[in-house]
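Engineer: Just passing along the structure, written as structure tokens.
The values are calculated or read from the model by the stated rules, or taken from the named source; none is laboratory data. Keep in mind it's a predicted model, so treat the numbers as computed, not measured. Note: ideal-geometry Cβ built from the backbone for every residue, glycine included; neighbour counts use all protein chains shown.
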Amino acid sequence: MSVLSSLPATRWEGVFAIAFRDVFVDGADAPYLRRPLTVSCEGLSVYSAADGTHRFSVSGNPPVVPPGPYTVSVRDPSGAYLAPAPIVVAGPASTVQEATLWPTRRLRVPEGETAVAGQVRDLQGVPWPGLSVWIHEGVTPLPTAPSGWTDERGEFLVRLRDQSGAAEPDPVTLNVTVRDGLVDISVTPASVTIAPGATHTFTFQQI
């Protein structure tokens, strides 16, 4: 018997699959993001499937599946989307796990869509990454999920899908809320007036 023929065969076992959506694309039937993403989870192998999911598995003879939770890291090499924090999957799952990614200023906004792009700077004028940003009407309560997150350059992009791009749209004034974790950060301007149907760019300075 040769050495090769005496080696145990490697078997693979699926652990879970994950798919990503643009946070501003509404509805459970919204398509998965189909773009090159760098996705990883320590201790598991991953591959991109034709259905737009990323599938994680483990090898061995027999395969030993770690119990979880699993921490999934995702990065968009183009920089057009970001995950503000690692994604946690509780344990092995037979259904597709879903996670949302937030667009950044590197994403090209479709023509006629309303968006607010900005950069947040601290008291010293330094770009401030990792902040949650809400662009909203009224004051409280805020939606649970923020409108956007600042990237490593302190920049963010908020797509305002509910603002109409009518032929002659009326300007609308929206409030701006910025948080570092649970702490509100006072910035100026505290509100923005925009015309629907275009991307508007602002710099927000901590005060």
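Engineer: In region 1-26, what residues are modelled with pLDDT of 80 or more and among the β-branched types (Val, Ile, Thr)?
Structural biologist: VAL15, ILE18, VAL23, listed by residue number.
Engineer: Is it true that some residue in region 151-159 is within 21 Å of the chain's Cα centre (by Cα), farther than 30 Å from ALA49 by Cβ and surrounded by fewer than 18 Cβ atoms within 10 Å (Cβ to Cβ)? Break it down stepwise before answering.
Structural biologist: If we filter region 151-159 for residues that are within 21 Å of the chain's Cα centre (by Cα), which is where we start, we get 151-159.
Checking which are farther than 30 Å from ALA49 by Cβ leaves us with 153-156, 158.
Retained after the next criterion (residues that are surrounded by fewer than 18 Cβ atoms within 10 Å (Cβ to Cβ)): 153.
Checking region 151-159: at least one residue is within 21 Å of the chain's Cα centre (by Cα), farther than 30 Å from ALA49 by Cβ and surrounded by fewer than 18 Cβ atoms within 10 Å (Cβ to Cβ).
Engineer: Also, I was wondering about something else. Which of the residues spanning region 30-71 are among the basic types (Lys, Arg) and either under 22 Å from ALA90 (Cα atoms) or at pLDDT 90 or above (or both)?
Structural biologist: Correct list: ARG55 only.
Engineer: Quick one: in region 69-82, which of the residues that are touching a residue at least 40 places away in the same chain (Cβ under 8 Å) and assigned to a loop (DSSP other than H, G, I, E, B) is surrounded by the most Cβ atoms within 10 Å (Cβ to Cβ)?
Structural biologist: Of everything passing the filter in region 69-82, ASP76 is surrounded by the most Cβ atoms within 10 Å (Cβ to Cβ).
For (1) part of a loop (DSSP other than H, G, I, E, B); (2) of a type in the set (A, V, I, L, M, F, W, C), each residue gets a yes or a no:
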{"position": "LEU33", "(1), (2)": "yes, yes"}
{"position": "ASP51", "(1), (2)": "yes, no"}
{"position": "VAL58", "(1), (2)": "no, yes"}
{"position": "PRO66", "(1), (2)": "yes, no"}
{"position": "PRO84", "(1), (2)": "yes, no"}
